[in-house]
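Written out below as structure tokens is the structure these notes cover.
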Amino acid sequence: MSLPHHPTIEPFAIEHATLATGDEDGRSIPDSTVVVDEVGRIEAIGPSASVTVPNGYHRLEATGKVVSPGMINGHIHTNSKGLPGNPKNQTPTGQRRLVRLLRSLPGQVFMYFNSKSNIETMLNSGVTTVRSVGDIGYELTWLRDEIRDGIVVGPRIIPAGPMMSIPDGHGAPLSALESATPEESRHTTAVNIAHGVRAIKIAATGGVTDSQVPGEAGTPQMSIEQMRAICETAHEVGIIVAAHAQSRQGVYNALKAGVDTIEHGCPLDDELIGMFLNNPLTLRGYSALEPTLSAGLPTAFLTKETLHMTEIQLDNSIPIAKGVVVGARDAHEAGIKVGVGTDTGVPYSMAYGTWREMDLLHRYSGFSTAEAFHAGTQVTAEIIGVSDITGSLEVGKSADLLVLAENPVDNLRTLEHPLMVVAAGHPIFKPSVKRYPEIESTLDMIYSKPL
């Protein structure tokens, strides 16, 4: 992926900072300077004593501060802030009612501004690149273009548009295009591509949020042949395909079809591990995992009343959530690439909570703090196909940076309150988000416990 044109910005340098590289070993570099040019790229980076800051560049003193790559979130939805909702809206009848409203012209305008608000929250929380994986319509392609063209400052967006589902399958009809045959699946994929998406999401299995019967979440839905048709159509134009899959059979089917990333996952055995590591039908010869612990773990600790879920939804979620934790650990130990995605919008997965996913990987799935931060920067950049332009601190890459009070390797929670965010060279000097203290205190409390 090439760097897009950015409107001219005022170039600047951040001087005398410690660099938290995001490398797997947690490497840091003291007393360094980062120079950002007029088109938002890293022009120079190195020891402060040897880096020359050109005349006319703004100079920002950062002694005692840490500069890191911006966080990357590879699994977002922007239709909700993460507050508990009304489970009636997730029934087939409720979804049909909502889809008529939200795909009308006023509904599209509403979704655009709602998504814009959530994207702004993510930016101010330190997220500089996102991949959506199931939108109501094409609101994020509009936002992507406005950010790219400098009309709006925001994170880099890789939009998916509506996901691919079977008739009445997971996400349908509210956030999915439905198809019943491989030919129909090729068509719906082509429709999304024609609308400018740069990611495709498949619902390989049933899901928790709209489940109506016991066992629905994780039950295979789309056939291997349909999923392969989707993958072939997307791969022809270089688009990475993600698959929602929450069971062993669902993950197997999606990998067999050639999907590039598995979203959520399950405990892994040797056969699945081998398929992840060597998958010739994918764009890059392997598949990766985004476990989205933030989405499921609250259901392992909280009541259905607190979560505003039905008993069926909660019962469907708990074993899947625990299996996803095990799957993330299995993948990590096997050398599978594991990325960071939060499934923002589901109950208790907040738009500002990307840092928490790294913390959960550390707490529950065996990642060191350095490995978790590496996952949320360099690894996720590779998984979603943007490592050539972002995810690490290198000359020529986009200036997607954070200024922090501490090194994330020493304290991942420092990512919760970045002192400054830089997105493609555009600085946000006093980033601020609206938080929900009751939800945050609840999450702090439950995540102090073992699973």
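The numbers here are math on the coordinates, done by the rules we state, and not lab data. The model shown is predicted, which means the values in this text are computed figures rather than measured ones. In this analysis, Cβ positions are derived from the backbone assuming ideal geometry, glycine residues included, and neighbour counts consider all displayed protein chains.
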Quick one: Karplus J couplings for the stretch 67-75, per residue in order, coefficients 6.51, -1.76, 1.60, θ = phi - 60°, nearest Hz, x for Gly and Pro? 10, 9, x, x, 6, 10, 10, x, 8
Compute the angle between helix 92-102 and the longest alpha-carbon principal axis of the chain, please, reported from 0 to 90 degrees and rounded to the nearest 10. 50 degrees
Mean Cβ-within-10 Å packing, highest first, puts peptides 43-50, 159-166 in the order 159-166, 43-50
Calculate, in nm to one decimal, what residue 278 and residue 395 gain on full extension: separation in residues at 0.36 nm each, minus their alpha carbon distance. 39.0 nm
Give the Rg/Rh ratio for the stretch 260-401, taking Rg as the radius of gyration of the Cα atoms and Rh as the Kirkwood radius, to two decimals. 1.00
Which whole-angstrom value gives the distance between the alpha carbon centres of the stretch 362-394 and the stretch 419-451? 18 Å
Exactly which GluC sites (Glu not before Pro) in the stretch 222-273 are in a DSSP loop and have at most 14 other Cβ atoms within 10 Å? 236
Mean Cβ-within-10 Å packing, highest first, puts peptides 285-296, 383-394 in the order 285-296, 383-394
Answer in debye to the nearest 20: the dipole magnitude of the stretch 150-295 about its Cα centre, from +1 Lys/Arg and -1 Asp/Glu charges placed on Cβ, is 420 debye
Net charge near residue 264: determine it from the other residues with C-beta under 9 Å of the C-beta of residue 264, scoring Lys and Arg +1 and Asp and Glu -1. -3
Residue (of 339, 318, 238) at the positive-pole extreme of the stretch 224-354, dipole from beta-carbon charges: 339
Given H placed 1.01 Å from N in the peptide plane, which residues other than close sequence neighbours of residue 156 have an amide H under 5 Å from its amide H? 129, 130
Residue 148 label point, 7 Å along Cα→Cβ, cut-off 12 Å on backbone N: hits in the stretch 378-416? none
Ellipticity estimate at 222 nm from DSSP helix runs (n ≥ 4, -39,500 (n - 2.57)) divided over the chain, nearest 500: -9500 deg cm²/dmol
Using a Förster radius of 41 Å, what is the FRET efficiency between residue 388 and residue 429 based on their Cβ-Cβ separation? Nearest 0.05, please. 0.90
Rounded to the nearest 10, the angle in degrees between the Cα long axis of helix 139-148 and the longest principal axis of the Cα atoms of the chain comes to 20 degrees
Give the angle, between 0 and 90 degrees and rounded to the nearest 10, that separates the Cα long axis of helix 224-235 from the longest principal axis of the Cα atoms of the chain. 30 degrees
Do any chymotrypsin sites (Phe, Trp or Tyr not before Pro) in the stretch 357-451 lie in a DSSP loop with no more than 11 other beta carbon atoms within 10 Å, and if so, which? 429
XL table 81/116; 65/116; 116/434; 65/449; 65/397; Cα-Cα > 23 Å flagged, in table order, is 65/116; 65/449
For the stretch 257-306 versus the stretch 118-163, the gap between their alpha-carbon centres in whole angstrom: 23 Å
Limiting things to C-alpha atoms, what are the Rg and the maximum Cα-Cα separation (Dmax) for the stretch 239-319, in angstroms? 14.6, 45
